[in-house]
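Structure record follows, encoded as structure tokens.
The values are calculated or read from the model by the stated rules, or taken from the named source; none is laboratory data. Bear in mind that the values here come from a model prediction, so they are computed numbers and not experimental data. Each accessible area value is taken on the protein alone, full model and side chains, heavy atoms only, with ligands, DNA and RNA left out. Shrake-Rupley method; radii C 1.70, N 1.55, O 1.52, S 1.80 Å.
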Amino acid sequence: MIAPVRRVAALCALGAALAACGTAGAPAADRPAPARASGPAPATPSAARPPVLAPGPGGLTPVFAHGPRTLGRTVALTFDADMTADQGPRAASGEHFDNPGLIGALRALEVPATVFMTGRWADQYPDQARSLGHDPQFEIANHSYSHYAFTADCYGLPTVSGDRMRADVERAYTSLRNAGVPHPLPYFRFPGGCYDDEALRALSASGVTAVQWDVVGGDAFATDADAVVWQVLDGVRPGSVVVLHCTRSAAPTTERVVRAVVPELRGRGYRFVKVSELIGESGGHR
């Protein structure tokens with residue numbers, strides 16, 4: 001269930017386009033709960049804590065790529081809500097980094113989904129972040145504050161230094177909470193999918209599980225929705241995690257892709273779940 005994914009070339013176009021960001025610290029109260037040895041944490045009065053993976057060798061942040069292949073036809077659709085620190089003027093001038101039509105389609109189709117949100121996106125669209133965070137159909141996870149890379153040579157993205165990586169993640173959690181997301185998950189997706197042992201070590205004290213994927217949707221800057229649909233359908237296996245995007249300007253075909261993929265996969269016997277369910281099925285083990 002765990003794959004040591006170091007690079008995902010199919011995401012390079014999006015990574016290169018999102019090449020700007022900033023970092024800063026955040027209060028300790030906004031850090032996710034520390035990782036547990038196995039399985040979900042006990043319920044709290046506010047919410048049941050989601051399952052996480054056990055730390056990797058030497059206490060490194062664990063990495064999750066897909067769920068069990070033998071526990072039925074489940075698949076998790078995940079969506080990266082990307083925005084960088086320098087894109088505020090572009091949003092003010094009318095460029096759309098959100099995608100309400102996609103979210104509406106997921107709601108209409110009753111498809112649960114996991115959204116990996118940058119803090120900068122939550123700053124720009126707090127009402128939408130709050131709406132998603134309060135909708136039980138969705139779960140919200142961390143995608144960094146403003147899409148800096150956590151390794152060098154990651155599709156042209158500027159990088160976060162090792163001593164600032166944890167602060168960047170915590171800043172994103174602060175933005176999510178300030179936008180009104182009540183329970184952002186202790187899951188983190190590396191910008192561009194790029195990481196190494198230094199990054200895993202830097203985030204180990206944050207208690208997050210790094211979430212990658214095994215199916216690249218290929219919707220970043222795509223204009224041919226049918227080609228993206230084929231790529232998703234060709235790649236999905238039981239337990240798959242599919243990465244797509246929730247930014248109209250960078251991924252204009254995604255709503256059409258979802259409207260085509262969902263009924264086809266349901267026709268093949270697949271059930272849509274959130275990432276937390278797949279991680280829970282893993283029993284906390286690598």
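Taking amide H as placed 1.01 Å from N in the peptide plane, PHE64 has its amide H under 5 Å from the amide H of ALA210, VAL211, GLN212, each at least 5 places away in sequence or on another chain. Taking amide H as placed 1.01 Å from N in the peptide plane, VAL273 has its amide H under 5 Å from the amide H of VAL75, ALA76, LEU77, each at least 5 places away in sequence or on another chain.
Using a 1.4 angstrom probe, figure out how much accessible area the stretch 145-286 has per residue, in square angstrom, rounded to the nearest whole. It would help to have the intermediate numbers written out before the result.
Numbers: 4880 Å² over 142 residues.
Accessible area per residue, the stretch 145-286: 34 Å².
The H on the amide N of TYR187, modeled in the peptide plane, is under 5 Å from the matching H of ASN142, THR209, each at least 5 residues off or on a different chain. Per-residue Karplus couplings for the stretch 152-159, computed as 6.51 cos²θ - 1.76 cosθ + 1.60 with θ equal to phi - 60°, are listed in order as 6, 6, 10, 6, x, 5, x, 10 Hz, Gly and Pro entered as x.
Per-residue Karplus couplings for the stretch 202-213, computed as 6.51 cos²θ - 1.76 cosθ + 1.60 with θ equal to phi - 60°, are listed in order as 5, 9, 4, 6, 7, x, 8, 9, 6, 10, 9, 6 Hz, Gly and Pro entered as x. Once the stretch 137-286 is represented by equal point scatterers at the alpha-carbon sites, with solvent omitted, what log10 I(q)/I(0) does the Debye formula produce at q = 0.13, 0.21 Å⁻¹? With no solvent term, the Cα-only Debye profile gives -0.68, -1.43.
Each part reduced to its alpha carbon centroid, the stretch 155-203 and the stretch 58-100 end up 12 Å apart.
Before I look further, what does the stretch 50-132 give for accessible area per residue, probe 1.4 Å, in whole square angstrom?
Numbers: 2780 Å² over 83 residues.
Per residue, the stretch 50-132 has an accessible area of 34 Å².
Protein heavy-atom surface of the stretch 146-240, 1.4 angstrom probe: 46% of the accessible area is carbon and sulfur, with nucleic acids and ligands not counted.
For the stretch 221-286, what is the convex hull volume of the alpha-carbon atoms per residue, in Å³? Please list the in-between numbers first.
Values: hull volume 6.5 nm³, N = 66.
Considering the Cα atoms of the stretch 221-286, their hull volume per residue is 99 Å³.
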